[in-house]
Amino acid sequence: MRANVQRLQKVFICVFLLIVLALTNLTVFQRDKLMASPYNNQRVAGWDNQSIRGGIFDRHGEVLAVTDKKGGPRVYPAGYDLAPIIGYLDPKIGAAGLEARYGAELSGRPPFWAALGLNFPLAVQGEDLVLTVSLSLQREAMRLLAGRRGAAIVLDPRTGAVLALASQPSFEPSKLAKQWESISHDKAAPLLNRATQGLYPPGSTLKVVTLAAVLSQRPELAANNYHCPGQLTLPGYTVHCSQAHGELDLASALAVSCNVTFSQLGLKLGNNALAKQAERAFFNNDIPFELPTAKSSWPQQNVGDGETAQRAIGQGQVLTTPLQMALVTAGIANGGMIYQPYLVQERRLGGRISARTKPQKMAEFVSPKVAAAITDMMIEVTKHGTGRGAALSEIKVAGKTGTAENPHGAPHAWYIGFAPAEKPRVVVAVIVENAGSGAAAALPLARTLLQLALKEVS
Amino acid sequence: MKASRQTERALLGGAIAIGWLAFGLSWLAAPVWEPQAFFYPAAISLALYLVHLSLRAMESGADELLLPLLTVPLFLGVATLYRLDRASAFWQVIWILSGLGPLLLLQMVTDIRAWRDHWLLLLLLALGCLASTLLFGIEVYGAKSWLKLGPMRFQPSEPAKILLALALAGYLSRRKELLLVRFWQLGPIKLPHPAYFGPLALAVALTLLLMVVQRDLGTGLLLFGLFVCELFVAAPRLDYLLLGFLALGAGGMVSYRLFNHVQTRINIWLHPWDQAAGQGYQVVQALLAISAGGLLGAGLGQGSPQHIPAITTDLTFVAWCEETGLAGSIALIVVYMLLSQRGLKAALASNDDFLTLVGVGLTSLFTLQSLVILGGALRLIPLTGVTLPLFNYGGSSLVSTLFSFGLILRLSAEERSS
């Protein structure tokens with residue numbers, strides 16, 4: 001009997017240990033996931049009421065979000081225009097955007113504090129966020145896209161600092177709770193951040209990726225001349241050009257956006273080489289960013305010639321986010337090196353800087369030599385090609401237009417570009433859904449944004 | 001003064017200090033200071049110190065760890081309740097005081113061994129208690145396991161559990177030899193021997209009855225566990241135990257098919273997130289609260305346990321987790337584990353089979369009840385309405401748990417005879 005009692009003792013100890021393990025799992029390993037649950041909103045809102053939530057400011061100190069007293073209402077002076085970046089905050093429906101991403105810091109609980117489970121704030125006043133965004137530029141981007149569906153991103157290729165990130169249609173965060181039913185079911189999807197999560201066929205803007213693959217992996221192909229009879233028939237697909245371009249070198253092929261030439265190049269490279277180049281700019285990977293991003297996709301599996309040729313000109317199964325195209329462009333502009341994009345320049349506590357973002361290298365898209373060669377060809381696009389409308393007086397612009405066929409109606413209009421071409425300070429990527437040709441519908445917007453943005457950064 | 005009582009005094013002082021600390025933190029977090037707040041910790045400290053003095057006066061040889069260990073969950077439980085609901089805390093103090101009386105009286109019983117021969121009476125009393133709710137019971141939270149006595153509510157299943165533990169110990173200790181007989185030959189048919197078969201059948205029947213008729217899944221599970229533990233200690237016949245588990249499993253399956261409330265409980269357990277705003281609300285909010293505690297917790301009085309239904313009666317432990325974090329909850333669990341270990345040690349204090357089985361039965365009840373509610377809150381098993389003994393609000397449970405520990409304390413003072 002004594003031995004049996006001792007066995008029972010051991011059994012009990014084991015079960016108690018099991019309980020301790022389950023507790024550890026919940027409080028340590030599952031904590032981040034569980035605290036983000038929508039069923040936890042009331043608790044999180046309660047935590048918020050214990051401090052004055054920090055404000056959010058643009059790069060010039062303009063107020064973007066502010067709270068006056070403990071648990072007081074959140075005021076957004078430019079709510080609709082900033083919603084794609086700042087998101088919203090509501091005790092019932094939760095939080096999104098930077099309000100969600102920096103929830104702990106804004107409410108006075110730095111991450112190490114929150115990880116200990118200490119819910120009461122470290123300071124009565126939460127940290128302020130100072131963004132890299134310019135309010136005036138953001139407003140202009142939203143105004144240019146108003147009435148359409150689309151997105152625009154402006155960033156500094158030398159650091160990754162985002163100057164504007166627009167997505168239309170948007171929403172008014174302070175009225176979101178009241179209008180939740182209609183907004184969340186709106187077919188135009190105002191809650192979708194098209195700049196970071198919209199997946200589109202990139203159309204001809206993707207030709208810079210095909211070009212990068214040629215120059216990096218098969219440089220001998222760049223010396224050849226190509227012949228465009230106006231169309232190219234492949235098993236399962238026929239590639240069309242707007243006209244027969246005749247004899248072309250690589251630079252003129254990009255300038256006139258010759259589909260036949262780039263399809264031929266794509267076929268010579270093969271899907272794997274193209275996918276490899278795209279992945280160097282984070283296709284098929286999550287882009288590290290402060291807002292949720294969708295993964296741009298370049299499927300790996302072997303495909304027929306028809307599909308490979310389509311992918312080389314940005315059609316077929318290739319899908320990208322506007323942010324992704326902006327980063328590809330930034331890579332070319334910055335001598336091949338892509339910097340990780342960021343929105344928060346610094347955090348401040350009671351007027352003192354508590355954290356400052358250091359620009360971080362994200363990926364090397366191409367070598368500096370290849371980047372320079374692509375830049376030259378993109379300057380040609382503006383000088384003599386499809387991107388003529390982007391030219392600015394006294395400043396050289398490098399760019400590429402795109403007109404992406406899609407199953408939802410008229411083609412999406414794209415433009416990617418940067419300026420000044422010799423020493424780029426600003427990159428822009430614009431998409432306007434179902435607006436027709438990139439040169440006509442996206443390029444004028446991009447030109448205005450480039451012009452304004454160049455005044456913002458020196 | 002015996003050396004063991006000296007140790008007891010030192011440890012009791014430590015436990016009481018922890019309790020005052022918990023109260024102090026709750027006071028700091030409270031919006032207004034109430035002078036009457038001193039009543040709670042002062043009353044508990046005084047009562048426990050008096051118990052210690054009485055044990056000293058009796059020159060008791062009881063285990064010196066038990067009283068300080070008991071103090072920790074009792075004190076912290078009242079501190080947590082005080083922060084959640086003043087009225088519950090007040091009544092809890094009254095229950096503690098009324099429970100400590102019987103605990104002391106039990107130390108004066110000279111010969112517990114004599115109870116062995118009255119096992120049938122104890123069994124009938126236990127069954128009577130359980131049956132009384134069927135006849136006169138009222139329904140609370142969907143379980144028909146309460147009796148109304150004037151203004152007071154009372155749960156007869158609490159004394160029934162103790163009575164059953166004693167009855168089974170008496171029965172098994174008298175039939176030790178029979179337990180070792182392998183089969184009961186009935187003509188050509190071999191059956192498990194009735195000495196074993198009887199209690200097992202009773203256990204399965206009572207469990208299912210409680211689950212189905214009284215809708216009290218938790219108590220049903222506890223009684224089955226009690227029988228299994230005592231049988232295991234009396235004679236570990238794995239084949240019979242297996243048979244018991246199979247019978248319970250089959251009965252459980254049938255009641256799952258037939259009865260809605262069993263199905264509901266199991267479904268909530270399996271898919272709480274699918275119905276997090278509905279029936280799974282309590283389970284989901286409990287998980288979130290525990291998780292919110294992190295490593296060190298929000299601090300006493302700083303959590304938001306008001307989101308959890310039945311927090312004072314079923315899930316006080318969850319409030320403790322949120323406010324003291326992993327560190328605080330592990331500390332409390334360790335105290336429960338130590339209480340369970342000292343209880344089984346007390347069972348072995350004498351070499352009398354009956355006393356050993358009584359100790360095993362009572363300790364198993366306490367341990368299993370703790371594990372059932374902890375496992376339920378952590379979603380290891382379905383959540384049932386049993387209380388975390390000594391910690392949760394609940395008069396019947398508290399008084400009967402203190403009665404059990406009175407017996408265990410008395411057993412620990414037994415001396416081995418040759």
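The values are calculated or read from the model by the stated rules, or taken from the named source; none is laboratory data. Computed from a prediction, not measured in an experiment: that's the story for all the values here. Every residue, glycine as well, gets a Cβ built from its backbone with ideal geometry; the counts of neighbours run over all protein chains shown. We work out accessible area using only protein heavy atoms, side chains counted, and drop any ligands, DNA or RNA first. Shrake-Rupley method; radii C 1.70, N 1.55, O 1.52, S 1.80 Å.
What to note about this one:
- When residues in region B:228-280 are screened for being among the small types (Gly, Ala, Ser) and within 14 Å of chain A (Cβ to nearest Cβ), 6 of them pass.
- Counted residues, region A:198-232 - those being charged (D, E, K, R) and more than 23 Å from A:VAL430 (Cα to Cα): 2
- The one condition in (1) in a helix (DSSP H, G or I); (2) under 30 Å from A:ASP90 (Cα atoms); (3) over 19 Å from the mean Cα position of the chain (by Cα); (4) aliphatic (A, V, I, L, M) that A:ALA188 fails to fulfil: (1)
- Of the criteria (1) in contact with a strand residue (DSSP E or B) (Cβ under 6 Å, 6 or more places away or on another chain); (2) open to solvent by 30 Å² or more (accessible area, probe 1.4 Å), which one A:PHE365 fails: (2)
- Elements of type helices (runs of 4 or more DSSP H) in region B:281-397, at least 2 residues being open to solvent by 10 Å² or more (accessible area, probe 1.4 Å), facing chain A (nearest Cβ under 10 Å) and charged (D, E, K, R): none
- Condition check for A:PRO288: closer than 24 Å to A:ALA371 by Cα and either open to solvent by less than 10 Å² (accessible area, probe 1.4 Å) or assigned to a loop (DSSP other than H, G, I, E, B) (or both): yes
One line per residue, one yes/no per condition, for (1) under 28 Å from B:PRO236 (Cβ atoms); (2) at pLDDT below 95:
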site: B:SER350; (1), (2): yes, yes
site: B:THR367; (1), (2): yes, no
site: B:ILE373; (1), (2): yes, yes
site: B:PRO382; (1), (2): yes, yes
site: B:VAL386; (1), (2): yes, yes
site: B:LEU402; (1), (2): no, no
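- Any hit, region A:222-233, residues being part of a helix (DSSP H, G or I) and either in contact with a His (Cβ under 9 Å, 6 or more places away or on another chain) or surrounded by 17 or more Cβ atoms within 10 Å (Cβ to Cβ) (or both): no
- Any hit, region A:236-251, residues being closer than 27 Å to A:ASP376 by Cβ, open to solvent by less than 10 Å² (accessible area, probe 1.4 Å) and in a helix (DSSP H, G or I): yes
- Just one of the listed residues (A:LEU64, A:LEU34) is of a type outside the set (D, E, K, R), under 19 Å from B:GLU323 (Cα atoms), buried (at least 17 other Cβ atoms within 10 Å of the Cβ) and modelled with pLDDT of 85 or more, namely A:LEU34.
- All of A:LEU191, A:LEU144, A:LEU116, A:LEU89 fail the test of being within 14 Å of chain B (Cβ to nearest Cβ) and open to solvent by 30 Å² or more (accessible area, probe 1.4 Å), apart from A:LEU116.
- Subset tally (residues that are part of a helix (DSSP H, G or I), among the small types (Gly, Ala, Ser) and within 7 Å of another protein chain (Cβ to nearest Cβ)) for region A:5-47: 2
- Residues (under 27 Å from A:LYS268 (Cα atoms), touching a residue at least 40 places away in the same chain (Cβ under 8 Å) and within 16 Å of the chain's Cα centre (by Cα)) located in region A:288-317: A:SER296, A:SER297
- Residues being touching a residue at least 24 places away in the same chain (Cβ under 8 Å) and more than 20 Å from B:LEU390 (Cβ to Cβ) - total across region B:328-365: 9
- Every residue from region A:344-366 that is under 30 Å from A:ILE379 (Cβ atoms) and either in contact with an Asp or Glu (Cβ under 6 Å, 6 or more places away or on another chain) or part of a loop (DSSP other than H, G, I, E, B) (or both): A:PRO359, A:GLN360, A:PHE365, A:VAL366
- Among all residues of region A:154-171, there is none that is free of Cβ contacts under 8 Å to residues at least 60 places away in the same chain and either within 14 Å of another protein chain (Cβ to nearest Cβ) or assigned to a helix (DSSP H, G or I) (or both).
- Of the residues screened, A:GLY351 is not one that is open to solvent by less than 10 Å² (accessible area, probe 1.4 Å), modelled with pLDDT under 95 and over 20 Å from A:VAL154 (Cα atoms).
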